[in-house]
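Take a look at the structure set out below.
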Amino acid sequence: MTTRIVELRRGILKKNDELAAVLRQRFEAAGVLVLNLVSSPGTGKTAFLERTLRELRGRGARVAALVGDLETDNDARRLAASGAPVQQINTHGICHLDAEMIAKALADGGPFDVSGLDYLFIENVGNLVCPSSYDLGERIRVALLSVTEGEDKPLKYPTLFNSADAAVITKMDLAAACEFDRALALKNINEIRPGIRVFETSAKTGAGMAEWLEYLGEARRKQG
Amino acid sequence: MHELSIAASIVETVTESAAAYPGAQVIEVRLRVGALSAVVEESLQFCWGVSTEGTPLAGAKLVIRTMPVVVHCAGCNADSEIGVQSFRCSKCGELTADLRQGQELEIESIEIEEPESASTVTA
Ligand SMILES: Nc1nc2c(ncn2[C@@H]2O[C@H](COP(=O)(O)OP(=O)(O)O)[C@@H](O)[C@H]2O)c(=O)[nH]1
Ligand SMILES: [Mg+2]
Ligand SMILES: [Zn+2]
């Protein structure tokens, strides 16, 4: 017997990354801005997204959403109430979305044609760990954190916040009741992802939405 | 947890690569896993055992090399190794988002054992 070492140097998630790169090209060619929303379950992704879809539609933008859910279609139904086309991706227990699931959901004959859209939002499965490893071809990854979760969330889940392009603090209407330490939360987010844009919002009152929509509009225009 | 999907994709890649060496047995798989890769080592080891059971890779050892986070500081024009709780240059303390290492998730190499005859044939 002889032993030998074979160099591989291969990314473990190479297949996902390659497929995500194909999706990203397709999204850029279609001129659609794609966002991937990640947070714990209950942070308020669906509520924030429903409000975002409604307000964008009110301004005449063409929007759609994909939503990953472990077993139910509750979130898809809530989002569809905004009037936007929504496609549910049932992951059957898998704790994150991957590029293949997105490609399948957007295959020909799907619920919407990406080339007819200005914005496509993807609500990931509620999980603070796994989604950070899977590129979905998005342009902007948004990490959400609610005022009820504790200001140290970014320190406990650095990978998620470090891989985000924007951060959204949700449920700001509950900040006083939760004795939310705003300065500490902002400092912790900035320690993990220096310079990241942070939006302080409430899906209930609409606080912070104008700034968020302005940011989306700018990112969309940059895409051309 | 996604360690099961990760283990499955390692099995797939290693099996494909080892097919180039007929009759060879994979005895070790070496990974480079960044401190920011969101992979829990114990969990991955456990999933590796489960995923290889009953396959030709059964018994192969999974060796995980953890890669610390390294950032670049524009002020010092230097790279430094840091923890994952604060993205500051370890020399001057300035915040920096310029990540140079720590996100790796790759199969570095595999160690295989080949029957003598195979190596004489190729020699
Ligand atoms: N007070 C308040 N409650 C909110 C807000 N956003 C979401 N919620 C509530 O938080 C819970 C979880 O919200 P959901 O959007 O389903 O979170 P997801 O799991 O991240 O999608 C629901 O009961 C929402 O009504 C908000 O801005 N203010
Ligand atoms: Mg939801
Ligand atoms: Zn420095």
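Every number here is computed from the coordinates shown, using simple stated rules; none is lab data. Just so you know, these numbers come straight off a predicted model, no measurement behind them. Positions of Cβ are backbone-derived with ideal geometry, glycine not excepted, and every protein chain shown enters the neighbour counts.
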Exercise for the section: Please list, or write none, the lysines whose alpha carbon is within less than 22 Å of the alpha carbon of A:Lys104, excluding same-chain residues fewer than 8 places away. Expected result: A:Lys14, A:Lys15
Problem - Partner chain coverage, peptide A:87-97 - average Cβ within 10 angstrom - result: 1
Handout entry: Bins of 10 Å, starting at 0 and running to the largest distance - Cα pair percent for the range A:35-140
Key = 15, 53, 30, 2
Practice task
Return the percentage of antiparallel bridges among DSSP beta bridges fully within the range A:2-223, rounded to the nearest 5 %.
Solution key: 0
Exercise for the section: Quickly estimate the mean residue ellipticity at 222 nm for the protein assembly as shown, helices only: each DSSP H run with n ≥ 4 gives -39500 (n - 2.57), and the total goes over all residues, rounded to 500. Expected result: -10000 deg cm²/dmol
Handout entry: Average Cα contact separation per residue, chain A, under 8 Å, 6 or more apart, as relative contact order %
Key = 24
Completion exercise
GluC sites (Glu not before Pro) in the range A:157-207 lying in a DSSP loop, each with at most 11 other Cβ atoms within 10 Å of its Cβ, come to A:Glu179
Exercise for the section: For the range A:98-200, count the residues as N, evaluate 2.2 N^0.38 Å, and divide the Cα radius of gyration by that value, please. Expected result: 1.23
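Using the Cα centre of chain A as the reference point, and only Cβ charges (+1 on K/R, -1 on D/E), how large is the resulting charge dipole? Debye, rounded to the nearest 20.
400
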Fill in the blank from the handout: the range A:1-59 and the range A:177-222 have their Cα centres apart by a whole-number Å value of 21
Exercise for the section: Treat every Asp and Glu Cβ in chain B as -1 and every Lys and Arg Cβ as +1, leave all other atoms uncharged, and give the resulting dipole magnitude about the Cα centre to the nearest 20 debye. Expected result: 440
Handout entry: Taking A:Thr148, A:Thr46, A:Thr72 and counting other C-beta atoms within 10 Å, the order from fewest to most
Key = A:Thr72, A:Thr148, A:Thr46
Handout entry: B:Trp48, A:Trp212 arranged by Cβ crowding within 10 Å, fewest neighbours leading
Key = A:Trp212, B:Trp48
Practice task
May I ask you to derive the FRET efficiency for B:Ile64 and A:Val22 from their Cβ-Cβ distance with R0 = 35 Å, giving the value to the nearest 0.05?
Solution key: 0.75
Handout entry: chain B: translational diffusion in µm²/s, Stokes-Einstein, Kirkwood Rh over Cα pairs, 37 °C, 0.692 mPa s
Key = 199
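Where does the charge balance sit around B:Leu57 when Lys and Arg score +1, Asp and Glu -1, over other residues with C-beta under 11 Å from its C-beta? List each step's numbers first, then the result.
Values: positive: B:Lys61; negative: B:Glu12, B:Glu28, B:Glu53.
Taking every other residue near B:Leu57 into account, the sum is -2.
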Exercise for the section: For the range A:106-191, run through the chymotrypsin sites (Phe, Trp or Tyr not before Pro) and keep only the ones in DSSP coil with at most 15 other Cβ atoms within 10 Å of their Cβ. Expected result: none
Exercise for the section: Please name which of B:His2, A:Thr2, A:Leu213 has its Cα lying farthest along the dipole of the protein assembly as shown towards the positive end, using unit charges on Cβ (Lys, Arg +1; Asp, Glu -1) and the Cα centre as origin. Expected result: A:Leu213
Handout entry: Charge sum, other residues only, whose C-beta stays under 13 Å from B:Glu41's C-beta, Lys/Arg counted +1 and Asp/Glu -1
Key = 0
Exercise for the section: For A:Lys204, go through the aspartates and glutamates and keep the ones whose alpha-carbon is under 16 Å away, minus same-chain ones fewer than eight residues off. Expected result: A:Glu50, A:Glu55, A:Asp173
Problem - Cα gyration tensor category, rounded, prolate or oblate, for the range A:2-223 with a/c compared to 1.5 - result: oblate
Exercise for the section: Give the percent of DSSP beta bridges with both residues in the range A:124-224 that are antiparallel, rounded to the nearest 5. Expected result: 0
Completion exercise
Once the in-chain neighbours fewer than 8 apart are removed, the lysines whose Cα is under 16 Å from A:Lys156 read A:Lys187
Practice task
Please find the FRET efficiency linking A:Ala210 to B:Ile27, where r is the Cβ-Cβ separation and R0 is fixed at 41 Å, and quote it to the nearest 0.05.
Solution key: 0.10
Completion exercise
Exposure proxy check on B:His72, A:His92, B:His2: fewest-to-most Cβ neighbours within 10 Å is A:His92, B:His72, B:His2
